[in-house]
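Reading through the C-alpha cells given below for one structure.
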Amino acid sequence: MARILIVEPHADIRALLEHVVRRLGHEPVVPDWHNGSLPAVDAAVIEPGDPLGLPYARRLREQGLPVVFTSIFPADQETLKLEPVAYFVKPFALNDLGGALESALDRNQTAQIESGWSIRTAS
C-alpha cells in the first residue's frame, strides 16, 4: 500500500480523488494546511492552481517522487518542467487517473530498485 498525497482545494473533488486512491488499495494523505509540512508519501495528485500545489510538487520532484497534475487549465511550461507522470485537464476519466497513479508507483518502485529515475510526462 502506497501513500498518495492529494493537494486539491475543492472538498468535493478532493473526496473523489481520495475515493479513487482508496479503490486502488492505497492511502490518501491530505496535507496539514496550517504548517505546510510535506508528509512522507510515495506519489502525489496535485492541482497546480492550489496555493500549495506547485511548492509541494517541486519538493516532491526534488526527492525524485512522481507527481500527477489535475487542473481545469492546460499544462504550462512551469508544470511541464516538473516532468509529471501525467497531466489531466478536468473533467477526466477516473480510470485514467487510476492508471496514471499505478504507472507512477510502478516507475517509483522500479527506480528505487535501479537507483535512478526515469519518469516521463504522459499526454
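Only residues that are touching a Gly at 6+ places or on another chain (Cβ under 8 Å), among the basic types (Lys, Arg) and closer than 17 Å to Asp50 by Cα were counted across region 1-36, and they come to 0. Give the residue that is modelled with the highest pLDDT, with candidates limited to residues of region 13-37 that are under 20 Å from Ser71 (Cβ atoms) and in contact with a helix residue (DSSP H, G or I) (Cβ under 6 Å, 6 or more places away or on another chain). If we take residues in region 13-37 being under 20 Å from Ser71 (Cβ atoms) and in contact with a helix residue (DSSP H, G or I) (Cβ under 6 Å, 6 or more places away or on another chain), then Pro28 is modelled with the highest pLDDT. Here Ile119 passes the criteria (1) part of a loop (DSSP other than H, G, I, E, B); (2) at pLDDT below 90; (3) over 13 Å from the mean Cα position of the chain (by Cα) except the one numbered (3).
The values are calculated or read from the model by the stated rules, or taken from the named source; none is laboratory data. Computed from a prediction, not measured in an experiment: that's the story for all the values here. Here Cβ is always computed from backbone atoms with ideal geometry, including for glycine, and neighbour counts include all displayed protein chains.
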